[in-house]
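S.K.: Dropping a structure here in structure tokens format, bear with me for questions.
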Amino acid sequence: MQTVTNGRMFRYPEFLKRSLDAGLQEITFSIHGHNAKVHDALVGVKGAFAEEVQGLDNALADGRPIINIDVVVNRGNVKHLPKIIETFVE
């Protein structure tokens, strides 16, 4: 079972644990920017980047799910693609 998500709910460890225990095996996080300024502006929610990164970190720390990142390319972030890749490959 896989989900493609903004991943913000996975910032709650208990939500992540329940999801994985229920059979979730793969999480694809949709990324819109390399930092809060770009990401939050594009999704229209202040604090979304920090929440999503926390969810991503929680999922990586758990070690069970396969983790992917989809970069949603648009006019507001295309010039930041190299930095987005650099940020999330690290």
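S.K.: In the range 33-49, which residues are β-branched (Val, Ile, Thr) and more than 13 Å from the chain's Cα centre (by Cα)?
M.R.: 38, 45
S.K.: Residue under question is residue 15, and the condition is that it be modelled with pLDDT of 95 or more, among the hydrophobic types (A, V, I, L, M, F, W, C), closer than 18 Å to residue 2 by Cα and touching a Leu at 6+ places or on another chain (Cβ under 6 Å); does it hold?
M.R.: It is false that residue 15 is modelled with pLDDT of 95 or more, among the hydrophobic types (A, V, I, L, M, F, W, C), closer than 18 Å to residue 2 by Cα and touching a Leu at 6+ places or on another chain (Cβ under 6 Å).
S.K.: Scan (1) among the aliphatic types (A, V, I, L, M); (2) surrounded by fewer than 12 Cβ atoms within 10 Å (Cβ to Cβ); (3) farther than 18 Å from residue 4 by Cβ for the single condition residue 22 breaks and write down its number.
M.R.: (3)
For (1) open to solvent by less than 40 Å² (accessible area, probe 1.4 Å); (2) in contact with a Cys (Cβ under 6 Å, 6 or more places away or on another chain); (3) of a type in the set (Ser, Thr, Tyr); (4) within 21 Å of residue 22 (Cβ to Cβ), each residue gets a yes or a no:
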residue	(1), (2), (3), (4)
41	no, no, no, no
44	no, no, no, no
56	yes, no, no, yes
66	no, no, no, yes
70	no, no, no, no
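The values are calculated or read from the model by the stated rules, or taken from the named source; none is laboratory data. Since the structure is predicted, the reported quantities are computational estimates derived from the model, not experimental observations. Methodologically, a virtual Cβ is constructed for each residue, glycine included, from the backbone with ideal geometry; neighbour enumeration extends over all protein chains shown. Areas reflect the complete protein model, heavy atoms only, side chains present, ligands, DNA and RNA absent. Shrake-Rupley method; radii C 1.70, N 1.55, O 1.52, S 1.80 Å.
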